[in-house]
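The structure appears below as structure tokens.
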Amino acid sequence: MRETNWAGNQTFTAERILRPRTVEQVQEAVAGAIAVKALGSRHCFNDIADCPDGVQLDLTALDTEAVLDAESATISVPAATRYGDVAVQAHAAGFALVNLASLPHCTVAGTVATATHGSGWRNQSLASAVSGLDLVTADGELKTYSHHDGVVVGLGALGVVTRLTLDLVPSFELRQDVFDGLPWESAYEHFEEIQDAGYSVSMFTNWARDEIDQVWVKGPGRPGADFFGATAADGPRHPAHAAGIPADNCTRQLGVPGPWHERIPHFRLDFTPSIGNELQTEYFVPVRHAVAAMEALRGIAHRLAPVLLTSEIRTVAGDELWLSPFHGGDRLALHFTWQPDGEAVRALLPVMEERLAPFGVRSHWGKLFQRTGDYPRLADFRALAAELDPDGKFRSPFVRRQVFGER
């Protein structure tokens, strides 16, 4: 029986899955394979991790440990380490990661490879915290890179990452406050003020109502009971609260202070992440187009709402990583958590992308989309991939299609 991704919408077609215990075994497996791909937490919703008739590598059994260096304020971790586990170790030593994604369950290597992100007007993607990594290339050689903007967001197209070094900052506390019913007019008029109201801010909507359902503000101080026309929630909320989903698996709310790693993610590490059986899409546009892009999607709200569980609106700071969707400037992130109806979602993708096309839209590499968008350093990345993998053994169907433009 074939294995699937986390959502169950992708069935892997690799001939076999290997579980190496040492880096040397990873090198041997890569060198001897015609086609090979590393598996992460399997949280991607497309075929980026598939390897038809080849070998997939599950790195969860690697016999290496995380090493925290207090003097350099870094932590070096095995590729398959979950962010939630990194966070616990860093916090215990008095350190923190600058940011986390909504889910702490995902592996570091997989998260970094797809430029997955959290939220925050001044916070970059999680990949921006990478200061070094070890990469097994096509001939089985182990290469070590430091601060290479082309290697970090690699989509698995350059080799198999076995270890990463992440920059740390001093540990800190946050509180999490949720507000109900933010009028769209307020969101437009006070967009920058809202995004600046906390360390991390997320707005949740189904696009069809006259108001944004919820605003989640994670910050050091209390935002105030009246938040630009929204009112403080009277109890815990789930991002898909409007769909009737309880908040049992969400991180602590109602303004109770706590460690950074127990407030920045939306979901708790010890619970099933997010909703479970769902599909996801995410698009990014320059922040200067935020209001126009939101207006464009509201124009098709009647088509989006019946398929949605919830949609999240955030901001992410720009970076210089070659294949990062945030390359070159700050971006608005428009995330969609869909009901598990693949046919309906696929029908919506071209409509949404057409609506967002005037704003220089890019897509999240690990989710469902049709077109990636424009990347100024794409030619450089292709050249690097050709150098490290001349025979294309790491080129999954996704990479061939979305990176190299092959049909």
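The values are calculated or read from the model by the stated rules, or taken from the named source; none is laboratory data. This one's a predicted model, so the numbers in the text were calculated from it and none came from an experiment. Neighbour counts run over all protein chains shown; Cβ positions are idealised from the backbone, glycine included.
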Residues satisfying the stated conditions in the range 157-173, i.e. within 21 Å of the chain's Cα centre (by Cα) and not acidic (Asp, Glu)
Ala157, Leu158, Gly159, Val160, Val161, Thr162, Arg163, Leu164, Thr165, Leu166, Leu168, Val169
Checking Ser396, Ser363 in turn, the sole residue that is closer than 20 Å to Gly120 by Cα and among the small types (Gly, Ala, Ser) turns out to be Ser363
Residues of the range 225-262 being among the acidic types (Asp, Glu) and closer than 22 Å to Ile313 by Cβ, which ones?
Asp226
Only residues in the range 370-392 that are touching a residue at least 40 places away in the same chain (Cβ under 8 Å) count as the first member; pair them with residues that are hydroxyl-bearing (Ser, Thr, Tyr) and part of a loop (DSSP other than H, G, I, E, B), Cβ under 6 angstrom, at least 6 apart or cross-chain, and list the lot.
Leu388/Thr137
Selection status of Arg21, loosely packed, with under 15 Cβ neighbours inside 10 Å, touching a residue at least 24 places away in the same chain (Cβ under 8 Å) and charged (D, E, K, R)
yes
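Could we say that Gln339 is of a type in the set (S, T, N, Q), surrounded by fewer than 19 Cβ atoms within 10 Å (Cβ to Cβ) and either closer than 24 Å to Pro239 by Cα or in contact with a Gly (Cβ under 9 Å, 6 or more places away or on another chain) (or both) here?
Values: of a type in the set (S, T, N, Q): yes; surrounded by fewer than 19 Cβ atoms within 10 Å (Cβ to Cβ): yes; either closer than 24 Å to Pro239 by Cα or in contact with a Gly (Cβ under 9 Å, 6 or more places away or on another chain) (or both): yes.
Here the answer is yes, as Gln339 does meet what is asked.
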Among the residues of the range 308-344, write down those that are charged (D, E, K, R) and either closer than 25 Å to Ala385 by Cβ or modelled with pLDDT under 95 (or both).
Asp319, Glu320, Arg331
Can you list the strands (runs of 3 or more DSSP E) lying wholly within the range 125-202 that have 3 or more residues being within 24 Å of Arg382 (Cα to Cα) and not assigned by TED's automatic domain parsing to the domain that holds Pro220?
130-136, 142-146, 160-167
When the residues of the range 88-124 are filtered to those that are β-branched (Val, Ile, Thr) and in a loop (DSSP other than H, G, I, E, B), which remaining residue is surrounded by the fewest Cβ atoms within 10 Å (Cβ to Cβ)?
Val98
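The rows are residues; the columns are (1) farther than 30 Å from Leu68 by Cβ; (2) free of Cβ contacts under 8 Å to residues at least 60 places away in the same chain.
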{"position": "Tyr188", "(1), (2)": "yes, no"}
{"position": "Ala208", "(1), (2)": "yes, no"}
{"position": "Arg222", "(1), (2)": "yes, yes"}
{"position": "Pro239", "(1), (2)": "yes, no"}
{"position": "Pro246", "(1), (2)": "yes, yes"}
{"position": "His261", "(1), (2)": "no, no"}
{"position": "His266", "(1), (2)": "no, no"}
For Val112, indicate whether it is among the β-branched types (Val, Ile, Thr), within 17 Å of Ile75 (Cβ to Cβ) and more than 11 Å from the chain's Cα centre (by Cα).
no
Only one of (1) surrounded by fewer than 18 Cβ atoms within 10 Å (Cβ to Cβ); (2) in a helix (DSSP H, G or I); (3) in contact with a strand residue (DSSP E or B) (Cβ under 9 Å, 6 or more places away or on another chain); (4) not hydroxyl-bearing (Ser, Thr, Tyr) fails for Glu28. Which number is that?
(3)
Based on this model, can you work out whether Thr281 counts as farther than 19 Å from His105 by Cα, buried (at least 21 other Cβ atoms within 10 Å of the Cβ) and in contact (Cβ under 8 Å) with a residue 24 or more places away in the chain?
no
Tell me, please, whether a residue that is buried (at least 24 other Cβ atoms within 10 Å of the Cβ) and among the small types (Gly, Ala, Ser) can be found in the range 130-139.
no
